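Trainee: I have a structure here, written as structure tokens, and I will follow up with some questions on it.
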Amino acid sequence: MVLSLLRLLTKRLVAAALAATFWATGVTVQAADIQPVQIAFLPDVHFHDIYADFRTDGFSGLANRKSGQQAAIRTMAAQLKSTRLFNENYFAFLAALDDIAAKGVKLVVLPGDFSDDGQPVHVRGLKQILQRYSQQHGMRFLLTLGNHDPVRPLRHAAGKADYLGVDGKPQPIYSAGAAGCPENATALPEDRRLVCSEQVKEAGYAELMTELSAFGFYPTADDLYWETPFSDYSAKGYQLATAQAQAELEQRQYQICRQGAGGAYRQAGYTECRQVIDASYLVEPVPGLWLLAIDANVYIPDEAQPTGFKGSGNAGYNAVLKYKPHVIAWAEQVARRAQQQGKTLLTFSHFPMLEFYQGQSDHIASLLGKNSAQLGRRPDDDVGHTLAKAGIRLHVGGHMHLNNTNLAHYSDGSYLLNIQAPSIAAYVPAYKLLTVLPDNHVGVDTVVLNEVPRFDELFQHYRLEHQQLLQTDAQSAWNRDILQSANYREFANWHLRELTRQRFLPSEWPVELRELLLALNGEQMAVLTQLKTDMTLAQLQQSPEQLEQLMQSPQWQTARQKLKQDAAKAGVVLDTFAGWHGFDVALDFYRLRNAGSLALTDISAERLTQYRFLAAQLAGQSKRPVTGGQHSGSLKAYVSKQFGLLFDMLAVFSDSVSYDHFRINLHTGELTPLPPDSADKP
């Protein structure tokens, strides 16, 4: 015991001496000499302070029996139509931080969308939690901004119509100047149910970066080095006072025009040029490790917008290359210096740098449409190569709420590893844990949050909400079975199920494909792909009852018998296909697309085998969908092509190599999958 303590003390003294030496002299620390360090990445926390106090604004909140506090939450109906949870992620965030603390991890990165639209009430709540874990567990938090943090670059009036009221009905809460709240904060709105509160306005860059200044946005005495794209100093002779002076917001602005980049990049004819803050920074939190935080938000000036800017949700790196070339130039310089000084460089931002659907983006566009499934957020093919040539090797992003890893090697020898870290506010709830090892090796692990204490603490309020919905709008009511969830993972699975039913299927899937899916079970879908019929898709749409007639026809029985024989040869039983339906196929599509191999425990191995069998049966069909006027063509052709696309993607998603636990060699770009039970420990 004494020897262990002495070794630990010696290790800490050596590390402290090394840090002090670097601070004073700027001595290069080689990557091979770096002590292993772990970093947790939690993008898209979407923190909502569920116990925020609105009493002075006229809303007392909901008395919660379990906590004894007054809850200020969003309705279940609202969060089951959103790609993120609004309420239960509060408990998931605490559980994740507790898990990180138990692992002894000290560095925690939040790559954007850490807040619920940058509202002061939630940002303050987040800050209190970060301060508490910093003080109690010695954690260091590093943040960057996402499109839900500053919704626009400048503060503006806002709010939500769907907080949950004490009677189970929606309770609107808005700031002055929004949705009927008068500019004069002392005046009562005509609708006495409406609550006006400045706590729910949406903050801009200045407010967010000032409030959260201790978490990466400004240099601290704990940093060995810190800079921005606008700094004019280097690591040699680094002085904290100089860094602090140049960290002031007026020193960290660039010009952006409606047509492209401003400043030195501005071209003739560019209009609506504005000065905007850039929150990017580089920090060395421990000797030899550089963390590059890129602010990839791009808010294009647009005088037609109420705030004078477009949102940043679909911009990403496609827009960064066009509107913020100064950031790319700076990143290239940082990467060069990191190599020269022997630093291990890791990059994080909110947006993906590479394709994030396991190479299936084009197929998704063919099946659902090019503007569906958030495909507008896909980086162009040249984006990854541009960033790789700039020297970025490993990037952790968020935004998409996906568990995905994409490694791109290019002919010029450059490469880029893009890790899409999942969100704890969506299915499957998880975070990424990176272990920086000596000699430029990095281990990557995926930590799933199956169990979250207190995740059902708010269920009493949802029961009242559901009762009200049954009385007023029973047809649109959400499925009450979600309140039977045994754990947080099951709850997140239910969230995706209801999201698929209420939003994805109605809004993303072509109506003819959706109607076919919802009308068929697995066996019927399988037989329909093999059926010889002269019926057109238009005829079926005009007379849906003809589908039932088809199922009773001799050609249906012939097709079924042939398919049954083919299935037996492949080792599957056709009769068992009837155990799942078209809705299950759509849900599994989103499960696998979102979570990759993490979703496999929620889909039976038998059903996955059946999906692969159907994909193989349809493999000879063209992957181009029937579009436009061709919808009046052959039902068989339409079904074969669309179902072929769908089942092929399900097979690809389920068969893809798992990159939930792997190691990357930053020298060579070689990625090695690791067994789930192995561990990279500092």
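None of the figures in this text is laboratory data; all of them are computed from the coordinates on show. What you see is a predicted model, and the numbers here were worked out from it, not measured in a lab. Heads up, the Cβs are rebuilt from the backbone with ideal geometry, glycines too, and the neighbour counts pull from every protein chain shown.
Trainee: In nm, to one decimal, how far is the Ala605 label point from the Ser543 one, both placed 7 Å along Cα→Cβ?
Mentor: Reported label-point gap for Ala605 and Ser543 is 4.7 nm.
Trainee: Just one of [x] 110, 67, 50; [y] 87, 69, 65; [z] 91, 52, 50 is Cα extents along the principal axes in Å as worked out from the coordinates here. Which one is it?
Mentor: Correct label, based on the coordinates given: [y].
Trainee: Which of rounded, prolate or oblate describes the range 393-536 when judged by the alpha-carbon gyration tensor and an a/c cut-off of 1.5?
Mentor: oblate
Trainee: Can you list which of the DSSP-assigned H helices in the chain have a Cα extent of 24 Å or more along the long axis and an average Kyte-Doolittle score of at least -1.0?
Mentor: Correct list, ordered by number: 2-25, 120-137, 635-655.
Trainee: Still on this structure, please answer the following. Give a quick list of GluC sites (Glu not before Pro) in the range 123-203 that DSSP marks as loop, anything other than H, G, I, E or B, with at most 13 other Cβ atoms within 10 Å.
Mentor: Of the GluC sites (Glu not before Pro), the ones in loops of the range 123-203 whose Cβ has at most 13 other Cβ atoms within 10 Å are Glu183, Glu190.
Trainee: Over the range 495-618, what is the mean sequence separation of C-alpha contacts under 8 Å (at least six apart), divided by residue count, expressed as relative contact order in percent?
Mentor: Relative contact order here is 36 percent.
Trainee: Please list log₁₀ I(q)/I(0) at q = 0.17, 0.19, 0.23 Å⁻¹ for the range 25-136, using the Debye equation with identical point scatterers on the alpha-carbon positions.
Mentor: After summing over all Cα pairs, the log10 values are -0.92, -1.09, -1.38.
Trainee: What FRET efficiency comes out for Asn314 versus Arg266 if R0 is 22 angstrom and r is the Cβ-Cβ distance? Round to the nearest 0.05.
Mentor: 0.40
Trainee: Run through the DSSP bridge list for the range 377-435 and note the antiparallel percent, rounded to the nearest 5.
Mentor: 60
Trainee: At 0.36 nm per residue, and after removing the present C-alpha to C-alpha distance, how many nm does the segment from Ala206 to Arg480 gain when stretched out fully?
Mentor: 94.4 nm
Trainee: So, one more: Just add up the charged neighbours of Gln555: K/R +1, D/E -1, any other residue whose Cβ is under 12 Å from the Cβ of Gln555.
Mentor: Summing Lys and Arg as +1 and Asp and Glu as -1 gives +3.
Trainee: Further, regarding this structure: Take the alpha carbon gyration tensor of the range 154-206, find the square roots of its eigenvalues, order them as a ≥ b ≥ c, and report rounded if a/c is under 1.5; if not, report prolate when a/b exceeds b/c, else oblate.
Mentor: Oblate.
Trainee: With charges set only on the Cβ (+1 for Lys and Arg, -1 for Asp and Glu), what does the dipole of the chain come to about its Cα centre, in debye to the nearest 20?
Mentor: The calculation lands at about 620 debye.
Trainee: Considering only C-alpha atoms, what is the centroid distance from the range 549-617 to the range 156-178, in Å?
Mentor: Comparing the Cα centres of the range 549-617 and the range 156-178, I get a distance of 45 Å.
Trainee: How high is the relative contact order of the chain? Use alpha-carbon pairs under 8 Å, at least six apart in sequence, and give a whole percent.
Mentor: Answer for the chain is 14 percent.
Trainee: Would you mind giving the average projected area, over all directions, of the Cα convex hull of the range 312-379 in nm² with one decimal?
Mentor: Mean shadow area of the hull around the Cα atoms is 5.5 nm².
Trainee: Taking every DSSP beta bridge with both residues inside the chain, roughly what % is antiparallel (nearest 5)?
Mentor: Around 70 percent of the beta bridges assigned by DSSP in the chain are antiparallel ones.
Trainee: Something else: Cβ under 14 Å from Glu606's Cβ, Glu606 left aside: what net charge do those residues give with Lys, Arg +1 and Asp, Glu -1?
Mentor: That sum, taken over residues with Cβ under 14 Å, equals -3.
Trainee: How much FRET efficiency would the formula 1/(1 + (r/R0)^6) give for Gln552 and Thr576, where r is the Cβ-Cβ distance and R0 is 25 Å, rounded to 0.05?
Mentor: Once the sixth-power term is evaluated, E becomes 0.70.
Trainee: Could you pull out the GluC sites (Glu not before Pro) across the range 288-355 that fall in loop regions by DSSP (anything but H, G, I, E, B) with no more than 15 other Cβ atoms inside 10 Å?
Mentor: Sparse-neighbourhood loop GluC sites (Glu not before Pro): Glu303.
Trainee: Let me ask something else. Please go through the residue pairs Lys343/Lys389; Lys532/Lys562; Lys106/Lys432; Lys66/Lys106; Lys322/Lys432 and name each one whose alpha carbons sit more than 21 Å apart in this structure.
Mentor: Correct reply: Lys66/Lys106; Lys322/Lys432.
Trainee: May I pose another question? Mind listing which trypsin sites (Lys or Arg not before Pro) in the range 311-359 are in a DSSP loop and have 12 or fewer other Cβ atoms within 10 Å?
Mentor: Of the trypsin sites (Lys or Arg not before Pro), not one in the loops of the range 311-359 has a Cβ with at most 12 other Cβ atoms within 10 Å.
Trainee: Something else now. Order of 169-182, 410-423 by packing, highest average Cβ count within 10 Å first?
Mentor: 410-423, 169-182
Trainee: What's the FRET efficiency of Glu190 with Arg454 using the Cβ-Cβ distance as r and R₀ = 45 Å, to the nearest 0.05?
Mentor: With a Förster radius of 45 Å, E is 0.70.
Trainee: Using only Cα atoms, figure out Rg for the range 374-456 and give it as a multiple of 2.2 N^0.38 Å.
Mentor: Scaled against compact globular proteins, the figure is 1.30.
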